[in-house]
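Engineer: Sharing a structure below in structure tokens format, with a few things to ask.
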Amino acid sequence: MRQPRILMCPPNYYGIEYEINPWMSRSRGSVASEARQQWQALHDILVSLGVTVELLPPQPGLPDLVFTANAGLVFRQRFFSSRFRHDVRARESPHFEAWFAAHGFTVEHLPEGVYFEGAGDALFCGPTLFAGYRIRSDVRGHQHIAQAIGKQVLPVELVNPRFYHLDTCFCPLAPGEAIWFPEAFDAYGRKVLQAHIPRLLTVSEAEAHRFGCNAVVVGRTVIHNTGCERMAEELQRWGYRSIATPLDEFLKAGGSAKCLTLRLDGEEAAVWD
Ligand code: ARG
């Protein structure tokens, strides 16, 4: 059995200091003590499930550094560092790169001028990498990754600004199984996902707005935000254990459970051999 390893970053400097997605409003700031509690609860759930949680040191002036999913894409011992679309987040990259270099990963870069936002937009389901593009990542970034890792990469267009990263509307559970919110994709993207993933668990619009798809999968356990009861019941019927934990402070930045984590040993649904 493999030992799950996840990178997180404590929310010491987390806050809503700019607006780069429709969820963020500087007039709706986060409450530091609440954010700390919610982050800690997620952290403790992961530890209780046997996950080794690695911590990236928080940095003043980088309020979104908590969203480690966007650091880059991990493939075996290779780390493809993100090229963020927004300058305010591009400043995070040196910190992520330093951590990965210090922890035995080979740090690789995408071509200049090609945007790519890491595991936020690139998720394995089985041997295939599903890749969201248009709002944050470029399709060229995904093509570059496809060549570099020699895996099939299927780009799907994201059409709804509220679901600006693939991990806000799609969550692989196991090879051939995923959670999704179909309205976040265009008709072609929906077809691609339906053609390649036989079992798709559809969330309602209300649950999508609670970031139900932004879940962390550890073994057969799925950790997600509160307010997704119907999804939780469905997951149980599918043989998963679901754990809801409040993450409202992070919704204010357009993130939830999945965004706050980066799996270092390969996502649960990924098949790399
Ligand atoms: N405020 C951050 C941004 O807009 C949130 C990132 C959420 N991360 C994610 N993987 N969806 O970039």
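Values in this text are rule-based calculations from the coordinates and carry no lab data. Quick caveat, the model's predicted, so the values are computed rather than measured. Positions of Cβ are backbone-derived with ideal geometry, glycine not excepted, and every protein chain shown enters the neighbour counts.
Engineer: Return the distance in nm (one decimal) between the two label points of a simple spin-label model at VAL53 and ALA195, each offset 7 Å from Cα along Cα→Cβ.
Structural biologist: Computed distance between label sites VAL53 and ALA195 equals 4.1 nm.
Engineer: Now a separate question. Can you tell me the length gained on complete extension of the stretch TRP272 to ALA32, counting 0.36 nm per residue apart and subtracting the Cα distance? All intermediate terms of the calculation are to be shown ahead of the outcome.
Structural biologist: Working: separation 240, 0.36 × 240 = 86.40 nm, distance 3.89 nm.
Going from the current span to full extension adds 82.5 nm.
Engineer: Along each of the three principal axes of the Cα atoms of the stretch 1-150, give the extent in whole Å, ordering the values from largest to smallest.
Structural biologist: That gives 44, 39, 27 Å along the principal axes, largest extent first.
Engineer: Taking other Cβ within 10 Å of each residue's Cβ, how do TRP238, TRP272 sort, fewest first?
Structural biologist: Details: TRP238 16, TRP272 12.
Going from sparsest to densest Cβ surroundings: TRP272, TRP238.
Engineer: Assuming 0.36 nm per residue, please report the length gained on full extension of the stretch GLN143 to ARG2 beyond their Cα-Cα distance. All intermediate terms of the calculation are to be shown ahead of the outcome.
Structural biologist: Working: separation 141, 0.36 × 141 = 50.76 nm, distance 2.92 nm.
Extra length available between GLN143 and ARG2 comes to 47.8 nm.
Engineer: For the stretch 112-232, report the convex hull volume of the alpha-carbon atoms normalised per residue, in Å³, without decimals.
Structural biologist: Convex hull volume per residue, Cα atoms: 98 Å³.
Engineer: Please turn the phi angles of the stretch 128-145 into ³J(HN,Hα) values with the Karplus equation 6.51 cos²θ - 1.76 cosθ + 1.60 (θ = phi - 60°), one per residue in order, whole Hz, x for glycine and proline.
Structural biologist: 3J(HN,Hα) across the stretch 128-145, in whole Hz: 9, 9, 8, 9, x, 9, 3, 6, 10, 8, 9, 4, 5, x, 5, 5, 4, 4.
Engineer: Compare ASN214, ASN225, ASN21 in a GNM of the chain, Cα atoms joined below 10 Å, and give the one with the largest fluctuation.
Structural biologist: Greatest mean-square fluctuation among the candidates belongs to ASN21.
Engineer: Can you give me the Kirkwood hydrodynamic radius for the chain, using every pair of distinct Cα atoms, in Å to one decimal? List each step's numbers first, then the result.
Structural biologist: Values: mean 1/r = 0.0549 Å⁻¹.
Here the Kirkwood hydrodynamic radius works out to 18.2 Å.
Engineer: For THR226 and ARG78, what is the calculated FRET efficiency with R₀ set at 30 Å and r taken between the beta-carbons, to the nearest 0.05?
Structural biologist: On the way: r = 36 Å, r/R0 = 1.18.
Here the calculated transfer efficiency is 0.25.
Engineer: Still on this structure: For GLN236 and ASN160, what is the calculated FRET efficiency with R₀ set at 22 Å and r taken between the beta-carbons, to the nearest 0.05?
Structural biologist: Values: r = 28 Å, r/R0 = 1.27.
Using R0 = 22 Å, I get an efficiency of 0.20.
Engineer: I've got another one for you. Highest mean first, what order results for 111-119, 37-45 on Cβ atoms within 10 Å? Walk me through the intermediate numbers first.
Structural biologist: Numbers: 111-119: 19.2, 37-45: 17.3.
With the highest mean Cβ count within 10 Å placed first, the list reads 111-119, 37-45.
Engineer: Which value in deg cm²/dmol, rounded to the nearest 500, describes the helix-derived mean residue ellipticity at 222 nm for the chain, given -39,500 (n - 2.57) per DSSP H run of n ≥ 4 and division by the residue count?
Structural biologist: Values: 8 runs with 70 residues, N = 273.
That comes out to -7000 deg cm²/dmol.
Engineer: Could I ask something else about it? Restricting to the chain, compute how many DSSP beta bridges are antiparallel as a %, nearest 5.
Structural biologist: Numbers: 19 of 40 bridges.
The antiparallel proportion sits near 50 percent.
Engineer: Give me the distance in nm between label points sitting 7 Å out from Cα along the Cα-to-Cβ direction at THR202 and ALA90, one decimal.
Structural biologist: Placing both labels 7 Å along Cα→Cβ, they lie 4.0 nm apart.
Engineer: For the stretch 188-273, just the Cα set please: Rg and Dmax, both in angstrom.
Structural biologist: 13.4, 38
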